[in-house]
Each structure stands twice: as structure tokens, then as C-alpha cells.
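Everything on this sheet refers to the single structure shown next.
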Amino acid sequence: MTGNSFPSYRKFFAIIFSFIVISILAIKVIVAYSDSEDKFSGDINKYPTELNDLLKQDITKENELLIKDFTKFWTVDSVLSDDQKTRIVTTSSMMLSKTISSKNYFFDYIKLIMFFWRDEYAKKNYDTWEKGFEAIINDPNKSINTISSFINTSLNTISKNILNERGGYFWKVNKPNYRFDITGEFIIRFDSINLICSNIKDSMFIKSTIGAFYPLSNRWVGKGGKITWSRSGYPEDVIFAKLQKYRINLNENNYQADSVYFTNKDYFSKPTLGHITDWLIKDYKKESIPYPEFQSYDQWFQIKNFFKNIDYEGGFTMRGSKLIGTGGRSKLATIIIRKNDKEFLRVEGNILIFQRQIINSEKAKIRFKFDNDSIFHAGLNFNYNDQNKTVVLTSTDKLLTQSPYNSSYHKLSISSSQLSWKITDDKIFFGGSVGSSLNRATFESQNFFNEEKFDAMMGADEKHPLLALANYAKKMRSKFFLAEDFAGYIRKSVEQVRIELMKIAMQGYIFYDFGTDEIQITTKLYDAIKARGQAIDYDVINFNSQTQGNTPNAELDLKTMDLIVNGIERIAVSDSQNVKIFPSNHQVVMQKNRNFAFGGAVRSGLFLFQGKMFHFDYGNFKISLDEVISLNIDYKTTKFDMNGMRVLST
């Protein structure tokens, strides 16, 4: 068996060797045949036929018709000279020599040639294009992919005005106002055109610009031009930006430019220099689109009569349909509303939003000024509509906006869902939100104290939170400090402390700015601590207002500073003396320092006074019975109520 195995192996290797030799020869034949097939002879008369042979495999019906059209163009139309045809054949051979696989770029190439000679404007630019293209073809560093892309870009540019087409969007110009520049890198220059970037639902424009398009790198270098805010519905001659020099990568659907002059005739008397950004948006609404966005280089503006009797101080950004007023590191953007040529309302916020006739801020500090007094709130939603000249302040679902107003004139804390004021009128209204069927508000003396509520704030903590705040302020020797530092002092997580601080701020013991993390201790906090230690007198004046429909909870008369409060069932003046007030028409008139006038009934122990006009004097803590109609004296019966108290009878 061993003796027969060697001849068998030799026979096997001989067969394998023969197969390899035959395969190599076959490949050489195929390559040789292929080489002969993938070459142009150089004969201009044979070019259409040779091109057809080159591209006929798997050709589409559309391209088959294209070849027939080109054959007629080449042989019958006689628009090309023999020299031009020779250069086209030479160029085709150069492209073919760089080709590895697909030759489909030839379809775009012959389309391009035919368009050049069938379009009068394009025909005048053909020779320059051809010289530039020959330089690209002869550059050994330019691959067939680069050449193919250049042909496609050239075709789209001169036939469709499209500079670059990407998946989902394209850049184009509005008219074929082009010329070729081949002094250096191949450039297509445009004079006085609109540059446009579009998708199915959006388009952004640079109007009346000039520029240089670099088709090999899809770059645009422009000069001049106008950008409008028409996508936001604004007139093009009212809000716009003027470009100087700018650059765009046409492979992207966005751009930025510096040294742009921005004009907004709604608000500004002269153009402002800054930076602009624009993006193509997939889908948008004109009232919420965020682009174009212009940012001013100047950090601070002082604009008098932004609207009539309204001034603005701050920076700004034009973001789509919204003009955003922005504050700096040390100063907030500010709206000042004047009344009788004096500052009356100051609104401060990091972001104020202007939409033509409307100003809005989600969180703004509010201060109404009355000579030496004010109404203040640390953070509310602010809205002003210049059409109806009305300011509306509202609380939101954010805890900090639900803290009370502080009126230094009346010495009251006022909790109300909404404040409204028509700046041409002398009335400020406190009430429920728009559309509310039931309006609630609370009016509380600045010296109000309830021991039960105070103790409940401590919860399971070892130390009362108000005492902890007061002690830390004493340690820091300042009533201003950061929540993060305070959290470290009481050894709690900063997240937990911030939630607690917002709840404390809602009760008016502190002002807390969640954005800056700053805490400010108020006088009410110290008074509550002193009242709990019986170091000062306090009161229990705290009354709730409840009205329906359009009836406000309160109405402030700016001429007299009287605060007319509606929807009051009763007021407890003194628990220990059993002094209660039951106002007629459920109405009282609050005056300076918690003094108030009312009609109705006063219960003082066993006495019940009824009259048309009474006055409560807070300083002396007494009620003047100015117009008494009747006096009833009750006596205690032998019966007891459910609380174990004797039932009174008249």
C-alpha cells in the first residue's frame, strides 16, 4: 500500500498545478479583454457608440434614452467643434483611467455637456468650466469619487441652482447668476442672489448677498446680505439683520456669523452689532421657532420708552419670535413702568421675553413703589400686554411663586393667585386666575403669630428650622447666605434643604432665589422667634377672602392707598378677649399699618355691637364705634355646646 501512494500524490499535485496555470491565463485574458473594452479609441466619431458599450450593462430605461439623446446631440446637432469633442473624449479617457468600479458618473457628465450647450447663459461659461475641470482631472490627488461629485455639483448648480443636496435638505440660490473662477481653486461666484437652505417644511434665507461657492469642499464664503424674521411672522422691513463677511459649510443645515448689524424697529432706534445663528428646523410654529438667533455684543442697554412710560435696562437676544431680555452676573434685566413721571413698578429677572406687544417673565422680582412704602414679591410670573396696557402677575405651580406679597404700607402679607393693573388706571386688583369661578386670598398681619403652626414646622427635627436659620445668619453676620452653605451647617443634603427652604419662603419667613441659591432672612422670621419666646407682643389678625366670578378678593385704590377687601366672613381680633368682627357685605377697607374701617357687627365677650361704620386702630388695638345702630348683651345659659362652652342667649 505504501509503494502505491507516492504516484497517486504526484498525480494529484499535477492536476492542481494545471488548474492554477489555466486560471491565471484565464484571468489575464479576461483582464486584457476588459482593458480593451474600458477604453476609448480616441476617434470622436466612435465616442457615442463606445460610451454606449461602456454603460449598456444594467442600464435603466431613462439612461438608455439619455444615451440616444446624447448621440443625436453629438452627431446631428453639430453644436460642438471637433476640438471640443476631442477634449471631451480625452477627458473621458482620463476619468476612465481613474475608475475602479462604477462608471455611472458618465450619465451626469453627458447631461452636463448637453445642458451647457442648450442653455444660452450656461453656454457662455462652458469654456472656463472646461479648463477648470481639466485641471481637476489632471490632478493626481483627485480621486474618481471627487471628480464624480464635482460633475454632479456642477450639473445641479447650473441646471437647478442647487449647490449641495443632502439627505433631507439642500442649499440653493434663487437664480443662475453665476460665473466660474479658475485662477486658483475652482470657484463658482454669484452676484446679488438669495442663498436658501430648505427642507420639506422650512426654509432659511440670506437675501441680496454675493458669495463664492467652492464645489470641491462645499464651502460658501459670502459678503453682505439680509436675514429676516419672516418665519416668525414679522415684517421683513421691521426686524432684520445685515451680514458683513461670513462663511458657511454647505454640508450642514446651519450657520453662524459675526459682526452682524441687527435692526428691530419695534424696540430699538438704531442697529446693534452682534452674532447670529440660524438653523433649518424640521417642523415649527411661527410663535415658537427659536431661530434666527441674534446675540448683541453689548452687555447692557438702557432704552427709554420701550413702550410708552416703560423703560428697559439689560442685555438682549433675539431668539426666533421672542426678544429675550437678559441680565448680567451682578445685575438683573429690568423693566421700569412709570406713573406720573415717577418709577412706580420695577420688574427684575434674568430672562424677560418680548413678543412685539407683550412682555413676559416666568420668574421676576416685583416692587410697586409708593413714596416710602412698597408692595414686594420675590418671584412671580410677570406679563404685560401693551395693547390693553395691563400688567398681570400670577403664581404658578412652582413653590417660590406661591409666597405672599409684602405691603409695607398696610403691614400685611397678601397671598393671592393673581394681581392685575391697567397702567393707565388707579386701581390694582388681587384675585383668582383668569377663568376661575372661585377666588381665594389671605391677608395676614406682619405681626401675626400662631404657636401651634410655629411648633408644627419643626416636625421630627432636633432644632426648629427658623432657629437654625437665625443662628446661621448670626454666625455669618449677614442675613444673606447660600442654601448650600446652610445645608452644610445643619448637616443635611442640599436637595432636602432646598425643598424645605421653598416651603419656608411660601410663609414669608425668608426670600429664597432658587436660581442663585441665595437666602435672605426677613423681619418676620425674627419676630416669630421672639413671639414664641414671649419677648414681643403679637396678633392673630389673619383673614381669608373668598369671592366668586369676576369679584376680586381685593382692590387697591392708588389715590388713597385704601385696600378694599371682599369676601370676608369674619375677623378674629383677639382670641383671649373673644373679639370678632363680622363685616357687612363681607367687606373691610384696610388702611395704613393694619388700621381698617368696616360696617357690620362686633362681638366682644357678651356684647354684640351693630353699626354702619366702625374703625379698628391697630396701634392702640381698639375699635372705635363711630355709628352704632344697636347693642345686644348676651348672657350664659345653663346649656353647653359640643366644646363644653356655655351657650349664649340674648
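The values are calculated or read from the model by the stated rules, or taken from the named source; none is laboratory data. For clarity, every value in this text was computed on a predicted model and none was experimentally measured. So basically every Cβ, Gly included, is an ideal-geometry build from the backbone, and we count neighbours across all protein chains shown. We work out accessible area using only protein heavy atoms, side chains counted, and drop any ligands, DNA or RNA first. Shrake-Rupley method; radii C 1.70, N 1.55, O 1.52, S 1.80 Å.
The table for this structure:
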read-out: Neighbours by Cβ (under 6 Å, 6+ apart or cross-chain): first from region 485-500, without any contact (Cβ under 8 Å) to a residue 60 or more places away in the chain; second open to solvent by 50 Å² or more (accessible area, probe 1.4 Å); value: 494/484
read-out: Some residue of region 10-23 being modelled with pLDDT of 90 or more and not aromatic (Phe, Trp, Tyr); value: no
read-out: Residue match in region 57-74 (condition: open to solvent by 30 Å² or more (accessible area, probe 1.4 Å), acidic (Asp, Glu) and more than 59 Å from the chain's Cα centre (by Cα)); value: no
read-out: Residue within region 519-535 that is open to solvent by 30 Å² or more (accessible area, probe 1.4 Å), under 34 Å from the mean Cα position of the chain (by Cα), over 23 Å from residue 601 (Cβ atoms) and at pLDDT 90 or above present; value: yes
read-out: Verdict on residue 535 being without any contact (Cβ under 8 Å) to a residue 12 or more places away in the chain and small (Gly, Ala, Ser); value: yes
read-out: Residue check for residue 552: under 43 Å from the mean Cα position of the chain (by Cα) and either surrounded by 13 or more Cβ atoms within 10 Å (Cβ to Cβ) or within 15 Å of residue 414 (Cβ to Cβ) (or both); value: yes
read-out: Enumeration of residues in region 537-591 that are among the basic types (Lys, Arg) and either in contact with a Cys (Cβ under 7 Å, 6 or more places away or on another chain) or not in a strand (DSSP E or B) (or both); value: 559, 570
read-out: Hits in region 637-650 (condition: at pLDDT below 80 and basic (Lys, Arg)); value: 646
read-out: Residue match in region 582-605 (condition: open to solvent by less than 20 Å² (accessible area, probe 1.4 Å), more than 30 Å from residue 422 (Cβ to Cβ) and hydrophobic (A, V, I, L, M, F, W, C)); value: yes
read-out: Some residue of region 393-400 being within 30 Å of the chain's Cα centre (by Cα), at pLDDT below 95, among the basic types (Lys, Arg) and within 26 Å of residue 350 (Cβ to Cβ); value: yes
read-out: Residue in region 620-638 that is among the basic types (Lys, Arg) and open to solvent by less than 50 Å² (accessible area, probe 1.4 Å) present; value: no
read-out: Region 244-268 residues that are in contact (Cβ under 8 Å) with a residue 12 or more places away in the chain and closer than 15 Å to residue 295 by Cβ, paired with ones that are open to solvent by 80 Å² or more (accessible area, probe 1.4 Å) and of a type in the set (Lys, Arg) (beta carbon under 6 Å, 6 or more apart); value: 261/242
read-out: Residue check, residue 389 on the phi > 0 side of the Ramachandran plot and either under 32 Å from the mean Cα position of the chain (by Cα) or crowded, with 22+ Cβ neighbours inside 10 Å (or both); value: yes
read-out: Residues satisfying the stated conditions in region 604-645, i.e. over 28 Å from residue 447 (Cα atoms) and among the polar types (S, T, N, Q); value: 630, 632, 637, 638, 643
read-out: Residues (touching a Ser or Thr at 6+ places or on another chain (Cβ under 9 Å), in a strand (DSSP E or B), open to solvent by 20 Å² or more (accessible area, probe 1.4 Å) and of a type outside the set (S, T, N, Q)) located in region 177-193; value: 179, 180, 181
read-out: Pair list, Cβ < 8 Å and 6+ apart or interchain, from region 505-516 residues that are within 15 Å of residue 444 (Cβ to Cβ) to residues that are open to solvent by 60 Å² or more (accessible area, probe 1.4 Å); value: 506/402
read-out: Single match in 395, 321, 330 (criterion: free of Cβ contacts under 8 Å to residues at least 24 places away in the same chain, surrounded by 16 or more Cβ atoms within 10 Å (Cβ to Cβ) and over 23 Å from residue 561 (Cβ atoms)); value: 395
read-out: Flag for residue 559 being surrounded by 13 or more Cβ atoms within 10 Å (Cβ to Cβ) and among the charged types (D, E, K, R); value: no
read-out: Matching helices (runs of 4 or more DSSP H) fully within region 399-495 where at least 2 residues are open to solvent by less than 40 Å² (accessible area, probe 1.4 Å); value: 465-476, 483-490
read-out: Residue tally, condition without any contact (Cβ under 8 Å) to a residue 60 or more places away in the chain and part of a strand (DSSP E or B), over region 346-372; value: 17
read-out: Subset of region 496-518 [in a helix (DSSP H, G or I) and open to solvent by 30 Å² or more (accessible area, probe 1.4 Å)]; value: 496, 498, 499, 500, 502, 503, 506
read-out: Qualifying residue in region 116-124 (condition: modelled with pLDDT of 95 or more, hydroxyl-bearing (Ser, Thr, Tyr) and open to solvent by 60 Å² or more (accessible area, probe 1.4 Å)); value: yes
